[in-house]
Amino acid sequence: MAIILAIESSCDETAAAILKDKKELLANVVSTQIATHKLYGGVVPELASRMHVENISYVIKEALAKAEVTMEQIDAIAVTRGPGLIGSLHVGMQAAKTLAYAFDKPLIGVHHIAGHIYANQLVSELKFPLMALVVSGGHTELVYMRDHLQFEIIGTTLDDAIGEAYDKVGRVIHVPYPGGPEIDRLAKHGKPIYPLPRPLDDDTYNFSYSGLKSAVINLVHKMDQRHEEVNKEDLSCSFQEAALGILVSKTLRAAKAYDVKQVIVAGGVSANSKLRADLTTAFEKEPIELILPPLWCCTDNAAMIAMAGSYMYDQKCFADLKLSARPSLVL
Ligand code: KG4
Ligand code: ZN
């Protein structure tokens, strides 16, 4: 039983949340910087760190006010340690360490992807063994979990992450950053008429998206040179057809091979409507439970860090004040 204050600042959202006894989410405050980064077509790391510095105190203050708890009532402070942008991570890390020191509270360093996985626990009970499909701006992974906090990466991307491919394709067809939600929306009105390569369809659990991403970029450049108009809806649809099929088939194969009770999806790309629909269809006739997190906890937030942090609290996984941010932290 514990009240956890969590801080997340790994990329372009400044977030704080307060979770009581793993059950009651007393506050979940997210201040997004998307409107600013949109002007530059992607996240500008220098701007991101500066905005985290400007916002973090207000976000924490608002979380405490919403939850109607004082710092004295908090049992521990959880913070995203990595992976992420180093300048961004530092801001949350320093805020968490300052509070831990000033109020003499245990400090918990959480892996960002563990947070995305535990976002599912905010809405339904995790059942082990499980397979997590992690799809975000920086990750494309299949993670096998025998029990709480035991992560085994059985497959990963050999190059680009799926979210990164979405955002690059978005950039080349001139849709606002981040490309993922826009491509998701456009694809609904398109047809898969553009021929694109299928990414790494082999018998491993690994993924590869740089070939598909380059194929889209080359196609658009060639059409530009020929003064042909790209149909954004058809290209979005074609890209998604190529990108998502392999995620679904490898997840299904992994879930069966590891004989799991549950499959969960984590990270920003889990908000994608086609991925959600295709996974639902694929698992409909399987004796495996599929959990799709609701949209509010798919993208970066601190509630997920609070949930992962709560399990680490139970296991007394505390850090000392030497804890540092790790941009390439391994799960
Ligand atoms: O998990 P997240 O918020 O941040 C990282 O940890 O990376 O994921 C952000 C990624 C971005 O690449 C964004 O384009 C993608 O998630 N995304 C989507 C959708 N919503 C967000 N991709 C496809 N379809 C969506 N609906
Ligand atoms: Zn994330």
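The values are calculated or read from the model by the stated rules, or taken from the named source; none is laboratory data. This is a predicted model, so every value here is computed, not measured. When we count neighbours, we look across all protein chains shown, and the Cβ atoms used for this are built from the backbone with ideal geometry, even at glycine. With ligands, DNA and RNA removed, areas are computed over all heavy atoms of the protein, side chains included. Shrake-Rupley method; radii C 1.70, N 1.55, O 1.52, S 1.80 Å.
Listed values, structure above:
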{"item": "Odd one out for SER328 among (1) away from ligand 1 (no atom under 13 Å from the Cβ); (2) in a loop (DSSP other than H, G, I, E, B); (3) at pLDDT 95 or above", "result": "(3)"}
{"item": "Count of residues meeting criterion [in contact with a helix residue (DSSP H, G or I) (Cβ under 8 Å, 6 or more places away or on another chain) and under 23 Å from GLU164 (Cβ atoms)] in the range 272-301", "result": "15"}
{"item": "Some residue of the range 257-266 being in a helix (DSSP H, G or I), in the same structural domain as ASP201 (by TED's automatic domain parsing), within 17 Å of the chain's Cα centre (by Cα) and within 16 Å of ligand 2 (Cβ to nearest atom)", "result": "no"}
{"item": "Where TYR177 falls short, out of the listed (1) more than 30 Å from CYS317 (Cα to Cα); (2) modelled with pLDDT of 95 or more", "result": "(2)"}
{"item": "Qualifying position, being closer than 30 Å to VAL79 by Cα, touching a Leu at 6+ places or on another chain (Cβ under 6 Å), modelled with pLDDT of 95 or more and open to solvent by less than 50 Å² (accessible area, probe 1.4 Å), among ALA282, ALA266, ALA319, ALA254", "result": "ALA319"}
{"item": "Some residue of the range 127-145 being closer than 18 Å to ILE3 by Cα and either within 13 Å of ligand 2 (Cβ to nearest atom) or touching a Phe, Trp or Tyr at 6+ places or on another chain (Cβ under 9 Å) (or both)", "result": "no"}
{"item": "Residues (outside any strand (DSSP E or B) and within 15 Å of ligand 1 (Cβ to nearest atom)) located in the range 1-34", "result": "SER9, SER10, CYS11, ASP12, GLN33, ILE34"}
{"item": "Pick from the range 179-227, criterion outside any loop (DSSP other than H, G, I, E, B) and of a type in the set (Val, Ile, Thr), ranking: surrounded by the most Cβ atoms within 10 Å (Cβ to Cβ)", "result": "ILE183"}
{"item": "Subset of the range 131-173 [closer than 20 Å to GLY41 by Cα and free of Cβ contacts under 8 Å to residues at least 40 places away in the same chain]", "result": "GLY170"}
{"item": "Tally, over the range 298-307, of residues that are open to solvent by less than 10 Å² (accessible area, probe 1.4 Å) and within 11 Å of ligand 2 (Cβ to nearest atom)", "result": "4"}
{"item": "Any chance LEU329 is surrounded by fewer than 21 Cβ atoms within 10 Å (Cβ to Cβ), in contact with a Pro (Cβ under 9 Å, 6 or more places away or on another chain) and not acidic (Asp, Glu)", "result": "yes"}
{"item": "Whichever residue in the range 228-251 is open to solvent by 30 Å² or more (accessible area, probe 1.4 Å) and charged (D, E, K, R) and, among such residues, is nearest to SER208 (Cα to Cα)", "result": "GLU241"}
{"item": "Members of the range 1-47 that are among the acidic types (Asp, Glu), within 16 Å of ligand 2 (Cβ to nearest atom) and in contact with a Gly (Cβ under 9 Å, 6 or more places away or on another chain)", "result": "GLU8"}
{"item": "Failed condition for VAL172, given (1) aliphatic (A, V, I, L, M); (2) in contact with a Leu (Cβ under 7 Å, 6 or more places away or on another chain); (3) within 23 Å of GLN33 (Cα to Cα)", "result": "(2)"}
